[in-house]
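Coordinate-derived values only; no laboratory data. The structure presented is a predicted model; accordingly, all values stated were derived computationally and were not measured. When we count neighbours, we look across all protein chains shown, and the Cβ atoms used for this are built from the backbone with ideal geometry, even at glycine.
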Amino acid sequence: MARRRKSLDEQIHSLDGQIDKQQSKLDMLLQQKKELISKKQEEEIGELFRFMKDNNMSAQDIYNLVEQNKETEQ
């Protein structure tokens, strides 16, 4: 016996379910990405702070170095 074909409404409902499932997965992946980006930023800030401390530098010293670098590139 042949299978009954899904009605258009059933097909739409099925697709909505699949979309919801994939959206949940996408939301979870985006949250994981956000957390990893935040963790990376924290690590980079820590690394910069350690560099500054090891070299007895202030934030102003870093700004000055960046400005000097900009001037030499021009």
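Assessment of the range 1-11 against the conditions (surrounded by 10 or more Cβ atoms within 10 Å (Cβ to Cβ) and hydrophobic (A, V, I, L, M, F, W, C)) yields no matching residue.
When the criteria are applied in full, Lys33 meets the requirement of being surrounded by 10 or more Cβ atoms within 10 Å (Cβ to Cβ), of a type in the set (Lys, Arg) and assigned to a helix (DSSP H, G or I).
Return a yes/no flag: does the range 46-54 have any residue that is more than 29 Å from the chain's Cα centre (by Cα), surrounded by fewer than 10 Cβ atoms within 10 Å (Cβ to Cβ) and acidic (Asp, Glu). Quick ask: steps written out before the conclusion?
Step one: of the range 46-54, the residues more than 29 Å from the chain's Cα centre (by Cα) are 54.
Checking the rest, the ones that are also surrounded by fewer than 10 Cβ atoms within 10 Å (Cβ to Cβ) come to 54.
The next check asks that each one be acidic (Asp, Glu); those that pass are 54.
Looking for residues that are more than 29 Å from the chain's Cα centre (by Cα), surrounded by fewer than 10 Cβ atoms within 10 Å (Cβ to Cβ) and acidic (Asp, Glu), one finds at least one in the range 46-54, hence yes.
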